[in-house]
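J.: Let me begin by handing over the structure; questions about it come next.
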Amino acid sequence: MAELKRIGIVGCGAIGGQLARSIVRFFQDRARLMVLCDLDERKARAIADELAPVPEVLPMESVPVHCDLIIEAANGKVVRNLVPKALDMGRDVIVMSVGGLVEIYEEAFALARRKNANLWIPSGAVAGIDGLEAAMTGGVTSVCLTTRKPPAALEGAPYLAEKGLCPDGLAEETVIFEGSARDAIRGFPQNVNVAATVSFAGLGLDQTRVRVVTGPGISTNSHELEVEGAFGRMTTRTDNVPSPQNPKTSYLAVLSACAMLNEILNPVKVGT
Ligand SMILES: NC(=O)c1ccc[n+]([C@@H]2O[C@H](COP(=O)([O-])OP(=O)(O)OC[C@H]3O[C@@H](n4cnc5c(N)ncnc54)[C@H](O)[C@@H]3O)[C@@H](O)[C@H]2O)c1
């Protein structure tokens, strides 16, 4: 029998909590949840106590010591602190806070190659990453991501302050930003994950176009991905519902992390 993959989770919120329960429920024959870690230790302890066998609750530095695969589901700062160290130790990592990779991706990708470790980035809240990856192998000429968010979800974005924009006052649906993924990430740092994921799968941070749309009729997050290349033309649209545990996180992102784990642990893979 193959050895059980030893898994640790850093960040036990909406995504980490559900993954912890899924590992124990669905992957007992292939994986063992060894460690949970959260800044709020009580949160990690409460989830650990629901599970059998009970995983240890440890500080972040200890997670790569005890695990083959580390799931980051906390925030960008944790990505920058944890991911290079874990990869350097030859550990595999799943990163959910993809925006956290923007400043360190060159180092992280090189480390993964050098140490023969896997760095996994789930599709998250957007559909079409599989098609984009396939299209890239034949040549892609343009990638455009249009993200629609309710005005409240954009509150505090540096781009809005810089331009003196107040999305609350808009009379109709409006494109409030259009530019490169790199500039979108700089201007809307709370909304970076999908733009970063699309960039890493496709044409990179400077060639990927992003439009941010908001207005009074928009109550949930949606993402439209348009790709053109040698294969033809592809458009996907994902209308997300929020996760029941965290209204800022799309439920599809939680499910995408579970699907990626299934793919890693399952010898049969469907899709690119
Ligand atoms: N890739 C995507 O498409 C996508 C979609 C949604 C969310 N996300 C990202 O995934 C991450 C997790 O999302 P969530 O909804 O589970 O968030 P959440 O707020 O529900 O949970 C995050 C948890 O991380 C913990 N945490 C914070 N700092 C920590 C630290 N230094 N060490 C250990 N734990 C720490 C918090 O206490 C919290 O329990 C977020 O960064 C979010 O932006 C990605």
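The values are calculated or read from the model by the stated rules, or taken from the named source; none is laboratory data. Only a predicted model underlies this, so the values are computations on that prediction, with no experimental measurement involved. Neighbour counts are summed over all protein chains in view; Cβ atoms, including those assigned to glycine, are modelled from backbone coordinates with ideal geometry. With ligands, DNA and RNA removed, areas are computed over all heavy atoms of the protein, side chains included. Shrake-Rupley method; radii C 1.70, N 1.55, O 1.52, S 1.80 Å.
J.: Taking the alpha-carbon centroid of each part, what is the distance from region 226-254 to region 51-98 in angstrom?
T.: The distance from the Cα centre of region 226-254 to that of region 51-98 comes to 25 Å.
J.: In whole percent, and with a 1.4 Å probe on the protein chains, what portion of the accessible area of the chain is carbon and sulfur?
T.: Of the solvent-accessible surface of the chain, carbon and sulfur hold 50 percent.
J.: Roughly how many nanometres apart are two label points built 7 Å out from the Cα toward the Cβ at residue 26 and residue 56?
T.: 2.8
J.: Okay, moving on. Based solely on its DSSP helices, what 222 nm [θ] is calculated for the chain when runs of n ≥ 4 H residues each add -39,500 (n - 2.57) and the sum is averaged over all residues, nearest 500 deg cm²/dmol?
T.: Calculated from helices alone, the mean residue ellipticity at 222 nm is -10500 deg cm²/dmol.
J.: Can you give me the distance in nm between label points at residue 130 and residue 104, each placed 7 Å from the Cα along the Cα-to-Cβ direction?
T.: Result for the modelled spin labels: 3.1 nm.
J.: Related question: Would you mind working out the magnitude of the charge dipole of region 82-145 relative to its Cα centre, with +1 at each Lys and Arg C-beta and -1 at each Asp and Glu C-beta, to the nearest 20 Debye?
T.: That gives a dipole near 220 debye.
J.: Moving on to the next point. Compare the peptides 7-18, 107-118 by average per-residue count of other Cβ atoms within 10 angstrom and give them in order, highest first.
T.: Per-residue Cβ counts within 10 Å, averaged per peptide and sorted highest first, yield 7-18, 107-118.
J.: Under the definition of Cα pairs under 8 Å and six or more residues apart, what whole-number percent is the relative contact order of the chain?
T.: Result for the chain is 19 percent.
J.: Under a 10 Å cutoff between Cα atoms, tell me which one of 141, 235, 214 has the largest fluctuation in the Gaussian network model of the chain.
T.: Answer for the Gaussian network model of the chain: 141.
J.: Okay, next question. Which angle from 0 to 90°, rounded to the nearest 10, does the C-alpha axis of helix 105-115 make with the longest principal axis of the chain?
T.: Approximately 30 degrees, to the nearest ten.
J.: As I understand it, the value is the acute angle between the Cα axis of helix 41-50 and the longest principal axis of the Cα atoms of the chain; what does it come to in degrees, rounded to 10?
T.: Once rounded, one gets 60 degrees.
J.: So how long is each side of region 129-239 along the principal axes, counting just the alpha-carbon atoms, biggest first, in Å?
T.: Cα extents, longest axis first: 44, 24, 17 Å.
J.: Quick one: which of 64-74, 172-182, 127-137, 260-270 comes out on top by average Cβ neighbours within 10 Å, and what's the full order, highest first?
T.: Ranking, from highest mean packing down: 64-74, 127-137, 172-182, 260-270.
J.: Net charge near residue 129, counting Lys/Arg +1 and Asp/Glu -1 over other residues with Cβ under 15 Å of its Cβ?
T.: Its environment carries a net charge of -3.
J.: So what are the ³J(HN,Hα) numbers for region 173-187, from phi and the Karplus equation (6.51, -1.76, 1.60; θ = phi - 60°), rounded to whole Hz, Gly and Pro as x?
T.: After applying 6.51 cos²θ - 1.76 cosθ + 1.60, I find 4, 9, 7, 9, 8, 8, x, 6, 4, 4, 5, 4, 5, 5, x Hz.
J.: Compute the Kirkwood hydrodynamic radius of the chain, taking the inverse of the mean of 1/r over all pairs of distinct Cα atoms, and give it in Å to one decimal.
T.: 19.3
J.: Here is a further query. With every protein chain left in place, what is the accessible area per residue of region 129-239 in square angstrom, probe 1.4 Å?
T.: 48
J.: Cα centroids of region 161-219 and region 103-122: how far apart, whole angstrom?
T.: If we compute the Cα centre of each part, the gap is 26 Å.
J.: Please label the shape of region 69-109 as rounded, prolate or oblate, based on the square roots a ≥ b ≥ c of the eigenvalues of the alpha-carbon gyration tensor (a/c under 1.5 means rounded; beyond that, a/b larger than b/c means prolate, else oblate).
T.: oblate
J.: Which percentage, to the nearest 5, of the DSSP beta bridges contained in the chain is antiparallel?
T.: The antiparallel proportion sits near 50 percent.
J.: Another question about this same structure. Could you run the Karplus curve 6.51 cos²θ - 1.76 cosθ + 1.60 with θ = phi - 60° over region 204-210 and give me ³J(HN,Hα) per residue in whole Hz, x for Gly and Pro?
T.: For region 204-210, the Karplus curve yields x, 6, 8, 8, 7, 8, 10 Hz.
J.: Can you list the HN-Hα couplings for region 71-77, worked out from phi with the Karplus curve (6.51, -1.76, 1.60; θ = phi - 60°), rounded to whole Hz and with x for Gly and Pro?
T.: Couplings: 9, 8, 9, 10, 6, x, 5 Hz.
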